[in-house]
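What follows is a set of notes on a single structure, which appears directly below.
The values are calculated or read from the model by the stated rules, or taken from the named source; none is laboratory data. Model, not experiment: these values are computed from the prediction. Cβ placement follows ideal geometry from the backbone for every residue including glycine, while neighbour counts extend to all protein chains displayed.
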Amino acid sequence: MEPTTQTPSAPPLTDQSETRTKPLPSTERDFRTRPSRTASPGFRIAAIIGAVVLLLVVFFVYRYVASYESTDDAQVDGHINSVSARISGHVVKLNIEDNQYVQAGTVLVQIDPADYQVAYEHAKADFEEAQAAAAGAGVNVPITSVSTTSQVSSSEADVASARAGIAAARQQFEAAKAQRDQAEANNVKAQNDLGRYKQLVDKQEISQQQYDQAVASARANEASVQSARSLADAAQSQVTQAQGKLADAEANWRNAQTAPKQMQVIRSRAASAEALAQQKKADLDQAQLNLQYTKITAPVEGEVSDRTVEVGQNVAPGQELMKIIPLNDVWITANFKETQLRDMKVGQPVTLEVDANGRKYRGKVNSIAGASGARFSLLPPENATGNYVKVVQRIPVKIVLDPGENKDHSLRPGMSVTPKVWIRQ
């Protein structure tokens with residue numbers, strides 16, 4: 001017997017006809033007729049390309065983010081030049097307004113110069129008087145030098161002349177003494193001869209004429225003796241007089257020896273007069289400076305700010321009148337975390353975004369501070385405690401702008417800035 005196979009019972013004819021005549025939905029037909037999208041080669045290639053693109057995007061985003069360090073704790077910084085009075089006085093004129101831009105040397109405030117003009121004229125007169133006195137004292141120095149030199153030479157010559165006069169007087173005295181002695185000897189001989197002639201004439205052994213001649217000769221010898229004695233006394237007086245002249249000459253010579261001391265005195269007086277003239281010159285210069293200080297000028301180019309002075313106000317030396325901000329010399333002080341300084345170096349380029357105007361500026365790292373900002377505070381933190389908690393510190397970094405970046409002076413000290421330091425390029 002052949003095996004019999006059982007076939008499934010066919011559905012009713014009515015159902016088959018309905019099944020044949022009822023169309024299928026299009027999506028269902030497409031799903032049944034088309035292959036799976038994930039199984040197609042194009043989808044796989046697109047997925048691979050998308051993954052590669054995504055990886056590249058992630059790589060470049062990471063590279064961009066890791067190529068700079070940024071902080072929002074940064075401000076525009078700059079010099080603030082204080083303008084103050086150097087003398088006291090009454091303000092008579094004010095040449096500037098608030099927030100006015102001025103050039104260096106511009107007269108800002110005028111103080112009443114009347115008192116200082118009078119002081120200048122007085123100091124000028126005192127200086128001219130002292131200068132004339134110094135000139136006169138200076139002229140006396142060479143005159144006194146010549147006079148004292150001549151006096152020394154003259155006194156030395158007088159001493160030599162007096163000594164020569166003494167020698168000559170002594171020679172004359174010796175000659176007079178010799179003549180006196182000779183005259184006395186002749187007189188003695190004549191007197192003796194007269195005595196003998198007297199005896200002979202009494203005996204009439206000689207003539208009366210011879211006796212008279214002997215008498216006349218004796219008298220003449222007596223007169224010669226008197227004359228010789230007078231000449232000797234006169235010569236002795238000349239010696240005494242010459243000795244007196246020598247004493248006077250030596251006294252004058254000793255007085256002339258004080259000439260160096262006299263010259264020192266004259267030179268000291270001249271130096272004192274010159275020093276007084278220099279002192280008066282210093283007083284004149286100070287008076288002139290005070291007169292110039294009546295015009296208070298701008299020390300630098302910049303914008304006037306925080307003005308407190310008004311016309312009619314009395315100011316004192318050192319009193320602050322206003323401030324000048326040099327807008328052409330500003331920089332950025334950025335406080336970076338210490339963990340951000342690992343790759344930061346001087347000279348790296350910086351992009352700056354300013355909150356005030358939304359502009360971007362270019363600059364570079366100029367320097368890194370030597371300590372954290374906390375170390376510069378009034379009360380530095382004390383970490384030597386038992387409950388120490390590590391806190392990330394911030395280090396000030398100075399950033400300077402590239403030339404011409406702030407030529408419109410739009411950056412003002414205190415503005416908030418967001419810098420980006422490009423540590424990798």
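Picking from residues in the stretch 346-363 that are in a loop (DSSP other than H, G, I, E, B) and in contact (Cβ under 8 Å) with a residue 40 or more places away in the chain, the one that is nearest to V392 (Cα to Cα) is Q348.
Candidates are the residues of the stretch 285-336 that are in a loop (DSSP other than H, G, I, E, B) and of a type in the set (A, V, I, L, M, F, W, C); the one that is farthest from Q103 (Cα to Cα) is A316. In this structure, does V392 turn out to be surrounded by 17 or more Cβ atoms within 10 Å (Cβ to Cβ), more than 21 Å from I80 (Cβ to Cβ), in contact (Cβ under 8 Å) with a residue 12 or more places away in the chain and not polar (S, T, N, Q)? When the stated conditions are applied, V392 does not pass them. Looking at E250, is it over 30 Å from the mean Cα position of the chain (by Cα) and within 21 Å of S88 (Cα to Cα)? No; evaluated as a whole, the condition is false for this residue.
Just so you know, in the stretch 326-344 the residues that are more than 28 Å from A104 (Cα to Cα) and out of contact with any strand residue (DSSP E or B) (no Cβ under 7 Å at 6 or more places or on another chain) include one that is surrounded by the most Cβ atoms within 10 Å (Cβ to Cβ), and it is D343. Here the stretch 403-425 is the region considered, the condition is being assigned to a loop (DSSP other than H, G, I, E, B), within 40 Å of the chain's Cα centre (by Cα) and of a type in the set (A, V, I, L, M), and the residue that is surrounded by the most Cβ atoms within 10 Å (Cβ to Cβ) is L411.
Would you be able to say whether some residue in the stretch 270-281 is outside any helix (DSSP H, G or I), surrounded by 14 or more Cβ atoms within 10 Å (Cβ to Cβ) and not aliphatic (A, V, I, L, M)? No, that holds for no residue.
Residue-by-condition table, conditions (1) in contact with a strand residue (DSSP E or B) (Cβ under 8 Å, 6 or more places away or on another chain); (2) within 30 Å of Q238 (Cβ to Cβ); (3) at pLDDT 75 or above; (4) assigned to a helix (DSSP H, G or I):
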site: A178; (1), (2), (3), (4): no, yes, yes, yes
site: A185; (1), (2), (3), (4): no, yes, yes, yes
site: L194; (1), (2), (3), (4): no, no, no, yes
site: K198; (1), (2), (3), (4): no, no, no, yes
site: V201; (1), (2), (3), (4): no, no, no, yes
site: I206; (1), (2), (3), (4): no, no, no, no
site: Y211; (1), (2), (3), (4): no, no, no, yes
site: N221; (1), (2), (3), (4): no, yes, no, yes
site: S224; (1), (2), (3), (4): no, yes, yes, yes
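Tell me whether the stretch 310-317 contains one or more residues that are small (G, A, S), surrounded by fewer than 16 Cβ atoms within 10 Å (Cβ to Cβ) and in contact (Cβ under 8 Å) with a residue 40 or more places away in the chain. Within the stretch 310-317 (the criterion being small (G, A, S), surrounded by fewer than 16 Cβ atoms within 10 Å (Cβ to Cβ) and in contact (Cβ under 8 Å) with a residue 40 or more places away in the chain), the answer is yes, since at least one residue qualifies.
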